[in-house]
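Remarks on the structure that follows.
The values are calculated or read from the model by the stated rules, or taken from the named source; none is laboratory data. From a predicted model like this one, the values you see are computed outputs, not experimental measurements. Note: ideal-geometry Cβ built from the backbone for every residue, glycine included; neighbour counts use all protein chains shown.
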Protein chains: 2
Amino acid sequence: MTQGSVSVIGLGLIGGSLVRAADAAGWKVRGASRSEATAAAARDAGFDVTSSLDDLLRYTADDALVVLAVPLPAVAEVLAVVARHIPRCRLTDVVSVKQPVGAAVARRAPQARYVGGHPMAGTSASGWSAGTATLFTRASWVVGSDDGTDLEVWTQVARLALDCGAHVVPAGAADHDAAVARVSHLPHVLAAVLASVGSDGGPLAMALGAGSFSDGTRVASSAPELVRAMCEANRDALLDAVDDALGRLGAARGSLASTGALAATLQAGHRARQSFESRHHKDGTADIDLTAPGALTQLREIGRSGGRVIALEGTRCRVQV
Amino acid sequence: MTQGSVSVIGLGLIGGSLVRAADAAGWKVRGASRSEATAAAARDAGFDVTSSLDDLLRYTADDALVVLAVPLPAVAEVLAVVARHIPRCRLTDVVSVKQPVGAAVARRAPQARYVGGHPMAGTSASGWSAGTATLFTRASWVVGSDDGTDLEVWTQVARLALDCGAHVVPAGAADHDAAVARVSHLPHVLAAVLASVGSDGGPLAMALGAGSFSDGTRVASSAPELVRAMCEANRDALLDAVDDALGRLGAARGSLASTGALAATLQAGHRARQSFESRHHKDGTADIDLTAPGALTQLREIGRSGGRVIALEGTRCRVQV
């Protein structure tokens, strides 16, 4: 028995991992990559993959979930092709910003039944060969939950996420973009800054870099054009996060220069890290009826307060809060 | 056959790992911890450890190497005890700043034959139980090489470092402190800032934190009082590094706000990270005669250019450059 059908467009790290994970979970999976080499590698691994997006969409059933897994700069062009073949398709994505993708869907595929998605998983490697079926295990997978969301598609996207081993974090697009500016985009900017300041110290500094420098700069090894597209698309929220970082770093600088003290900075950071480490310690559970009035508001509140959906049965979902 | 004798004062993560690694390499190892519980745990593990610093020093032979492995705030007090027992002892340390320790030795143990040391290894855990015999494997271990360095003690410290699986990076104290401000102390400050900015985003942001946030904040879980002592003791060099970070982050902010572009920041960071990843790819080797005139100058130049000592035979050392 298959869990459903999914057509994955783009077979990089995330799309390639999704193909593997969904297949392993019993979904009927098809995929397309514009790279003939990637398509061939995926076929060699036993997957139903084509290098023709037209072909993929031609053989995608109406009730299949179409997943955009291309980099943000390619989204608009791919959406136009999708809309031509299956204007009212069930559509989600795995792109790391949600408001720009939502706007592109409204322009290019206005009839699509779109529910945004974002699995919070990755490595600094990219491409099909870097993907694994376990990339999403225990990851948070944001599923867009703004008012007006199509709950049938929401359920399908959440089911896919859960089947891939993730838990679902319901969030509105603006809340998502503000949060990832702080915990995903800012880390990339700070990693780049730290790498450069270290390198400015010359070969001795590079030779002495160890755990703290290696961890703090790890994501600077990601492909810069992908990071750039992600950060620049979330400009307003990222500016807020960068300003907060400048404020806190400037305060640390002032305190170090005047009294020599860094205690406030370091203690606040330590507390924050501890709250991050304990983020998944949730005691309560509850059931939400997705067909009840106000269900989307309730889901967004659960996400805002750090809760998550851990199971689905019919139109009911089990949440941890 | 023993490689030599070493008396380790302080059995936290670094001192405790040193006891295990030196013992495994055939050194005759004694240790002292002011914590009776730590001393008992170390004795249970088969090591010759006391909770009395006086006892340790009373039974330390004149040709043994004494290693200060206590946190910086305890260094002055411990030095006074060492100087009372063995005024002309062979002395090194594993503290993360070198000029302040050198100054403390000059005041508290002026006759000691001191050569500073700093193994670039660690984890965010601390204490005896976090230590391992392999902590220093393939790590850089700075050995102080300013003019006037006692080459007999230098050789003994370098031998200990090599026997523990590290390679030796020769450096003057000021060069060391400037380098670690960039690649060790600044990473702690940025990790604290990132953790706080993320936490300011609330529970949703914490829930969405994944690899980039987790790596970028990892060292914020270190004991803040240890990090504080290390950073505050290196104030001037750390201020330079923080100012460079503020400059680069401010430039990124300006570029993002005006043209929306982050390419310069991200590309520079990517290049810097690549140069860090390739730091140990050295083609050349050479032999240095430690008794030759100018040997210390030569060693410092090797360290400055990213080279390292990988073997010692008598008074000759083999370097990779």
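The table that follows gives values for the structure above.
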| read-out | value |
| --- | --- |
| Enumeration of residues in region B:279-305 that are within 12 Å of chain A (Cβ to nearest Cβ) and surrounded by fewer than 10 Cβ atoms within 10 Å (Cβ to Cβ) | B:His281 |
| Count - residues of region B:53-73 that are closer than 21 Å to B:His118 by Cα and out of contact with any helix residue (DSSP H, G or I) (no Cβ under 9 Å at 6 or more places or on another chain) | 1 |
| All positions within region A:241-271 that are more than 8 Å from every other protein chain (Cβ to nearest Cβ) and at pLDDT 95 or above | A:Gly247, A:Ala251, A:Gly254, A:Ser255, A:Ala264 |
| Wholly enclosed strands (runs of 3 or more DSSP E) of region B:38-115 bearing at least 2 residues within 30 Å of B:Ala179 (Cβ to Cβ) | B:65-68, B:90-93 |
| Enumeration of residues in region A:229-240 that are at the interface with chain B (Cβ under 7 Å from one of its Cβ atoms) and either touching a Pro at 6+ places or on another chain (Cβ under 8 Å) or surrounded by fewer than 24 Cβ atoms within 10 Å (Cβ to Cβ) (or both) | A:Glu232, A:Arg235, A:Leu239 |
| Scope region A:203-228; condition at the interface with chain B (Cβ under 7 Å from one of its Cβ atoms) and among the small types (Gly, Ala, Ser); matching residues | A:Ala205, A:Ala207, A:Gly209, A:Ala210, A:Gly211, A:Ser212, A:Gly216, A:Ala220, A:Ser221 |
| Region A:8-37: number of residues that are outside any loop (DSSP other than H, G, I, E, B), within 22 Å of A:Arg84 (Cβ to Cβ) and under 18 Å from the mean Cα position of the chain (by Cα) | 3 |
| Test result for B:Ser140, facing another protein chain (nearest Cβ under 7 Å), among the polar types (S, T, N, Q), more than 30 Å from A:Met120 (Cβ to Cβ) and in contact with a His (Cβ under 7 Å, 6 or more places away or on another chain) | yes |
| Filtered residues of region A:1-42 (kept if over 17 Å from A:Val157 (Cβ atoms) and surrounded by fewer than 15 Cβ atoms within 10 Å (Cβ to Cβ)) | A:Met1, A:Ala24, A:Glu36, A:Ala37, A:Ala40 |
| Count of residues meeting criterion [more than 10 Å from every other protein chain (Cβ to nearest Cβ) and either free of Cβ contacts under 8 Å to residues at least 40 places away in the same chain or of a type in the set (Ser, Thr, Tyr) (or both)] in region A:306-319 | 6 |
| Scan of region A:264-296 for residues that are of a type in the set (Gly, Ala, Ser) and outside any loop (DSSP other than H, G, I, E, B), ordered by number | A:Ala264, A:Ala268, A:Gly269, A:Ala272, A:Ser275, A:Ala286, A:Ala295 |
| Qualifying residue in region B:90-106 (condition: under 21 Å from the mean Cα position of the chain (by Cα) and among the acidic types (Asp, Glu)) | yes |
| Options B:Gln320, B:Gln267: the member that is closer than 30 Å to A:Arg228 by Cα, surrounded by fewer than 19 Cβ atoms within 10 Å (Cβ to Cβ) and not aromatic (Phe, Trp, Tyr) | B:Gln267 |
| 3 or more residues touching a helix residue (DSSP H, G or I) at 6+ places or on another chain (Cβ under 7 Å) and free of Cβ contacts under 8 Å to residues at least 12 places away in the same chain: qualifying helices (runs of 4 or more DSSP H) within region B:144-259 | B:186-200, B:202-208, B:235-258 |
| Only one of B:Val78, B:Val66 that is of a type outside the set (Gly, Ala, Ser) and either in contact with a Cys (Cβ under 8 Å, 6 or more places away or on another chain) or surrounded by fewer than 21 Cβ atoms within 10 Å (Cβ to Cβ) (or both) | B:Val66 |
| Residue in region B:159-174 that is under 26 Å from B:Val115 (Cα atoms), within 7 Å of chain A (Cβ to nearest Cβ) and either surrounded by fewer than 24 Cβ atoms within 10 Å (Cβ to Cβ) or small (Gly, Ala, Ser) (or both) present | yes |
| Only one of A:Gly4, A:Gly26 that is farther than 24 Å from A:Gly172 by Cα and modelled with pLDDT under 95 | A:Gly4 |
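Rundown of residues vs (1) among the hydrophobic types (A, V, I, L, M, F, W, C); (2) surrounded by fewer than 23 Cβ atoms within 10 Å (Cβ to Cβ); (3) at pLDDT below 95, yes/no style:
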{"position": "A:Ala103", "(1), (2), (3)": "yes, yes, no"}
{"position": "A:Gln111", "(1), (2), (3)": "no, yes, no"}
{"position": "A:His118", "(1), (2), (3)": "no, no, no"}
{"position": "A:Gly122", "(1), (2), (3)": "no, yes, yes"}
{"position": "A:Ser129", "(1), (2), (3)": "no, yes, no"}
{"position": "A:Thr134", "(1), (2), (3)": "no, yes, no"}
{"position": "A:Ala139", "(1), (2), (3)": "yes, yes, no"}
